[in-house]
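**Student:** Submitted below is the structure of interest, expressed as structure tokens.
Rule-based calculations on the coordinates, nothing more; no lab input. All figures in this text were calculated on a predicted structure; none of them were measured in a lab. Neighbour counts run over all protein chains shown; Cβ positions are idealised from the backbone, glycine included.
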């Protein structure tokens with residue numbers, strides 16, 4: 001049974017997502033390797049609302 005995400009972990013996911021959005025193209029893998037402990041199913045759950053927000057703002061390419 002998985003534990004619910006705590007606020008600190010959520011913030012770490014959001015920081016990683018933001019980093020991925022602003023890093024130079026091609027550097028995503030480096031960033032993911034630096035934060036490999038955050039690559040899990042909960043990261044996918046954290047990405048979903050960010051994608052939805054980006055789509056609502058019309059940033060479909062970024063989403």
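**Student:** Say each of residue 18 and residue 44 gets a label point 7 Å from the Cα, pointing the same way as Cα to Cβ; how far apart are those two points in nm?
**Tutor:** If labels sit at residue 18 and residue 44, their model points lie 2.5 nm apart.
**Student:** Still on this structure: Can you compute the helix-only [θ] at 222 nm over the chain? Use -39500 (n - 2.57) per DSSP H run of at least 4 residues, normalise by all residues, nearest 500 deg cm²/dmol. Before the final figure, lay out the partial values.
**Tutor:** Details: 3 runs with 39 residues, N = 63.
Taking each H run of at least 4 residues, the total per residue is -19500 deg cm²/dmol.
**Student:** Between residue 51 and residue 7, 0.36 nm times their residue separation minus their Cα-Cα distance comes to what?
**Tutor:** So the chain would gain 13.9 nm between residue 51 and residue 7.
**Student:** Using the Cα atoms of the range 7-56 to build a convex hull, what is its mean projected area in square nanometres?
**Tutor:** So the mean shadow area of the Cα hull is 3.6 nm².
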